[in-house]
1. Between a first residue in the range 107-120 that is assigned by TED's automatic domain parsing to the domain that holds Val211 and a second residue that is basic (Lys, Arg) and surrounded by fewer than 15 Cβ atoms within 10 Å (Cβ to Cβ), which pairs have beta carbons less than 9 Å apart while being 6 or more apart in sequence or on different chains?
2. Among the residues of the range 389-407, is any over 30 Å from Arg145 (Cα atoms) and not assigned by TED's automatic domain parsing to the domain that holds Val152?
3. Go through (1) surrounded by 23 or more Cβ atoms within 10 Å (Cβ to Cβ); (2) without any contact (Cβ under 8 Å) to a residue 12 or more places away in the chain and name the single condition Ala70 misses.
4. Going residue by residue through the range 115-133, is there one that turns out to be within 16 Å of the ligand (Cβ to nearest atom) and either on the phi > 0 side of the Ramachandran plot or not aliphatic (A, V, I, L, M) (or both)?
5. So which of Ala278, Ala285 ends up being assigned to a helix (DSSP H, G or I), within 26 Å of Cys137 (Cβ to Cβ) and either under 24 Å from the mean Cα position of the chain (by Cα) or within 16 Å of the ligand (Cβ to nearest atom) (or both)?
6. So, Ile177, is that one of a type outside the set (S, T, N, Q), within 16 Å of the ligand (Cβ to nearest atom) and more than 20 Å from the chain's Cα centre (by Cα) or not?
7. Which number in (1) free of Cβ contacts under 8 Å to residues at least 24 places away in the same chain; (2) crowded, with 23+ Cβ neighbours inside 10 Å marks the one condition that Leu267 misses?
8. Could you list all residues from the range 218-237 that are within 14 Å of Glu42 (Cβ to Cβ), away from the ligand (no atom under 11 Å from the Cβ) and among the hydrophobic types (A, V, I, L, M, F, W, C)?
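The values are calculated or read from the model by the stated rules, or taken from the named source; none is laboratory data. On a predicted model such as this, the values are computed, not experimentally measured, just so you know. Cβ: placed from backbone, ideal geometry, glycine included. Neighbour counts: every protein chain shown.
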Amino acid sequence: MPYFDMNLELTWEDKEIKATAHKFAREVMRPIAREVDRMTAEEAAGKESPLWEFLRQAYALGYHKALFPAELGGLGFTPLQGHILNEEIIWGSLGLSGVLLLASWPFFKVLQSGDKGLIDEFVVPFCRTNEPDITACWAITEPDRGSDSINVNESFFTAPGARGNVQARRDGNEWVINGQKSAWVSCGPIATHGMINVQTDPALGLSGGGVCILPLDLPGISRGKALEKVGQRDLPQGELFFNDVRIPGRYMFVGPDRYSTWTANNLAFGNAAMTLFAIGLARAAFDEALAYSKERVQGGKVLIDHYFTKVRIARMFGKVEAIRATSRAVWNLAVKVYPPFPEYSYSAKAICTEMAREVIDEAVQLHGANGLTREYIIEKFWRDSRALTIEDGENNTLCAMAGYFLKETYPRSDGRQGAG
Ligand SMILES: Cc1cc2nc3c(=O)[nH]c(=O)nc-3n(C[C@H](O)[C@H](O)[C@H](O)COP(=O)(O)OP(=O)(O)OC[C@H]3O[C@@H](n4cnc5c(N)ncnc54)[C@H](O)[C@@H]3O)c2cc1C
């Protein structure tokens, strides 16, 4: 269902983006997402999966490169246009839009690094293609290092000797990588390229790390089985294994000197994006609840004609609008200002995803027992929503990190008073 936009300054182009993306989400993404959701994880990630038809059509529309500059071949969307597009496609499917967003993420980070050689080698081909022959994943989480790997402000992060599961050692002009990333790497089973966080210097503890970009067909790389999980089944996930994988030195575009800051900043950008997942899915659930309340008759009239249902629907509506307002503000800040303000992204991610889960849970409740059956899509939204407060940093971990920044930097004395 289209929504009224409280931003009265939307241009004709903004509205066109919204309408086109919504049509794509409704007509292409929703049916494919439901089909993939019912497959085994292995089938969902396989060559015959309808997921590829979604990607083919999304790439043909240029949605994979929406935020990339026009001079590289991207669509050059403004932050607001990027937000509008992503809210719509996430409304279509949280899992499938995760595949699309992950496909561009590592290339966006390489672009931000400003390394011309890597931009020419990796970013330009991605922006030039209109086929899903280049897709990506980002792997930071490890079997033994979940929250540990992002908690850069805690003392254990710099404790000498703390080891990660993936090690990289220098050998002449190359790096040699060994170890294993966790089964939760989104698009691990299908990506052509990966952005991988590795440990390069255990003497510096977990802060002795690096980040590299690499093609995933290099000798020594293998993948685990696609993960069977409760929700977001249309987002394939799985392990990556590295056995003496050699990459040129230049692929390691972040070294120990910037590793902690880079990780915090990358997470700030990622969690601004997570608020988009919250708004897209919360709105999808709200739309279903409103429609159902106009169909289901109890007590002699449709649910919405009962006073109490109006109260419930209006509360959900208010939460959806609050999530969108917060999400747009935080997204705008994260895209336009570098280095970012992590406290805004981390706190907003926690609040928006928690509010989204409340809306989605209430939408299920409003469906009664029907909401628990596969006949109604609200059941899928509910399963998909469970990970929102865990992925890209468990919410309590993120809030602890935001609290660190608030303790250290407020009231601000560094002259940074806002986006200007
Ligand atoms: C849908 C989904 C998509 C994901 N995509 C990716 C991806 O693309 N790439 C990737 O690398 N990873 C990905 N992840 C992994 C994700 O980032 C991790 O799950 C997350 O960081 C939490 O780590 P963990 O699951 O190991 O939990 P743990 O770190 O084991 O935490 C378990 C619990 O312990 C608490 N806890 C942890 N540390 C402390 C502490 N020091 N003090 C007190 N309490 C603590 C946490 O708050 C949490 O409640 C994804 C996960 C999901 C669910």
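1. From the range 107-120, no pairs qualify.
2. No, there is no match, as no residue in the range 389-407 is over 30 Å from Arg145 (Cα atoms) and not assigned by TED's automatic domain parsing to the domain that holds Val152.
3. (1)
4. No: zero hits.
5. Ala278
6. The answer is yes for Ile177.
7. Evaluating Leu267 over (1) free of Cβ contacts under 8 Å to residues at least 24 places away in the same chain; (2) crowded, with 23+ Cβ neighbours inside 10 Å leaves (1) as the failure.
8. Hit for the range 218-237 is Ala226, nothing else.
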